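In what follows, a structure is listed as structure tokens, so that the remarks can point back to it.
Read-outs throughout are calculated quantities, based only on the coordinates presented, and are distinct from any laboratory measurement. Just so it is clear, the model here is predicted, and its values are computed rather than measured. Methodologically, a virtual Cβ is constructed for each residue, glycine included, from the backbone with ideal geometry; neighbour enumeration extends over all protein chains shown.
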């Protein structure tokens, strides 16, 4: 149901949180060097791969209850996540760190926080009866790569463009949700 280009756009939109956090981690100076870069990139990518799968597994259990409203559910979830990203992007300042965010509980919390959106997307994909494995792999790889770029570019781009990137990601999610809604409404009429 989703084209390759839509999956890439979805993956990029979901990766913006991880990219922004990686920018903040690198800009703070608390996470530096190849090990910190690997830990953040790998774990963000792994969680972004796993969360849509978890959301999808939850979604396939309830899909028959909401089959007539699936396009509205997908639109609502993607719109909610996109709006949340836009609002977060409009808030001032990047996240800053006082300890190394690439280690321990801080890393796990950041991974969960940046991948909650992917859980909602997985639920949406279940409602739309999209096979989850291909999109999840792409989402995980793109997120890992974006986190890697974020770590490398931290000081250069983080303070200047970090929040506007999150706004762009939110807009992309809302556009994808609107496209799903419009395509279902056109089919129904």
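Some points to look at:
- FRET efficiency for residue 131 and residue 109, using Cβ-Cβ distance with R0 set to 30 Å, rounded to 0.05: 0.50
- Separation of the residue 186 and residue 38 label points, Cα + 7 Å toward Cβ, nm: 4.7
- The stretch 105-130 and the stretch 21-43 have Cα centres separated by 21 Å.
- Nearest-0.05 FRET efficiency for residue 141 and residue 175, computed from C-beta distance (R0 35 Å): 0.95
- A simple spin-label model places the labels of residue 168 and residue 80 2.7 nm from each other, with each point 7 Å out along Cα-to-Cβ.
- Net lengthening on full extension, residue 69/residue 91 (0.36 nm per residue, minus Cα-Cα): 4.6 nm
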